[in-house]
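Worksheet for the structure shown next.
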Amino acid sequence: MGWSGDYGQATAARIVASTDLAFEAGGNLISAQYSAGRLRRITGVGSPGAKYHPLTPARILDSRDGTGGFASPWGAGTSRDLQVETKGGVPAGATAVALNVTVVHGSAPSHLTVWPTGVTKPTASNLNWPTGAVRPNLVIVKLGTGGKVSLFNNGGTVDVLADVVGYFGASGDRFHPTLPHRLVDSRDGTGTTATPWGPGSTRNVTVASTGPVPKSAKAVVLNITVTGGTAASHLTVWPAGVAKPTASSLNWNAGQTVPNLVVVKVGDGGLASIFNNSGNAHVIADVVGWYG
């Protein structure tokens, strides 16, 4: 893994052979070599774990208009490989990404599987929907061959959208889980005014220096719910202080109560911006963790 050294007397690991396995203080697997009762050299054979880099959301796939290289719906039993590395702010060398994936108006009940390109499709689903639904979900997926991910649709035809919201790599921010804490509820005025978001309206809400989230947080993980929507619409969540991106964090039809997990970079003043496209809808946001 590119790190090694002479560690003197072997006190932190049990060495029973000239080459043995041990664990360093962070819990990472190492290869240990010793002689004359001294631990002479350790070499990492495990990984200390990837760290997170939040991004302003960017659309890298939309099969309705050709974004990402596909200008037609996924058919039944269809897999396609999507280039993610070097797209939407994801650099070369990223190991995994956080994508908000949305399916639009599937012709049949189905599910979507997202996995690293180059390995066998797993028995798993990332997104499930009934006929005609617009359904989002946050997906964290390892990058595969060529920096790509594969997407498989099981039944019917469906358009697929993907917005990248962050990536993982060797450096970056660590995740800090918290007990769920309500930051925003427009039904009672928590964190905003006690009125629903109107059509085309944007509000800035405090997501850092509040509740369990410190001022130093670089990004927050929110469970966001919309309820009482009067029209089919979508919500976009992004760091305050930059232009609203072409992206969606949550989609719903009139009258639905729909949640989704959202990872958003902290913007100017510890704020995040939330935009509602159509109709009126109440918005609720519970923080469950932060990166920093």
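Only the coordinates and a few stated rules stand behind these numbers; no lab work does. The structure presented is a predicted model; accordingly, all values stated were derived computationally and were not measured. Every residue, glycine as well, gets a Cβ built from its backbone with ideal geometry; the counts of neighbours run over all protein chains shown.
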Rounded, prolate or oblate: pick one for the stretch 126-201, where a ≥ b ≥ c are the square roots of the eigenvalues of its C-alpha gyration tensor, a/c under 1.5 means rounded, and failing that, prolate if a/b is larger than b/c, else oblate.
-> oblate
Expected vector for the stretch 208-225, Karplus 3J(HN,Hα) from phi with 6.51, -1.76, 1.60 and θ = phi - 60°, integer Hz, x for Gly and Pro, equals 10, 6, 8, x, x, 9, x, 4, 6, 4, 9, 7, 10, 9, 10, 8, 9, 10
Quick one: Karplus J couplings for the stretch 78-89, per residue in order, coefficients 6.51, -1.76, 1.60, θ = phi - 60°, nearest Hz, x for Gly and Pro?
-> 9, 10, 9, 9, 10, 6, 10, 4, 6, 10, x, x
For the stretch 261-267, what does the Karplus curve 6.51 cos²θ - 1.76 cosθ + 1.60, with θ = phi - 60°, yield as ³J(HN,Hα) per residue in whole Hz, taken in order and with x for Gly and Pro?
-> 7, 10, 9, 10, 5, 6, x
Under 5 Å between amide H atoms, partner at least 5 residues away or on a different chain: which partners does residue 190 have, H built in plane at 1.01 Å?
-> 185
Once amide H atoms are placed 1.01 Å from N in the peptide plane, what residues at a sequence separation of 5 or more from residue 111, or on another chain, have their amide H within under 5 Å of its amide H?
-> 154, 155
With label points built 7 Å along Cα→Cβ from the Cα atoms of residue 232 and residue 67, find their separation and express it in nm.
-> 1.8 nm
Rank-order 217-228, 106-117 by packing density, defined as the average count of other C-beta atoms within 10 Å over each peptide's residues, highest first.
-> 217-228, 106-117
Scoring only Lys, Arg, Asp and Glu (+1, +1, -1, -1) among other residues with Cβ under 15 Å from the Cβ of residue 175 yields +3
Under 1.5 on a/c is rounded, so check that first for the stretch 135-287, then, if it is not, pick prolate when a/b is larger than b/c and oblate when it is not; a ≥ b ≥ c are the square roots of the alpha carbon gyration tensor eigenvalues.
-> oblate
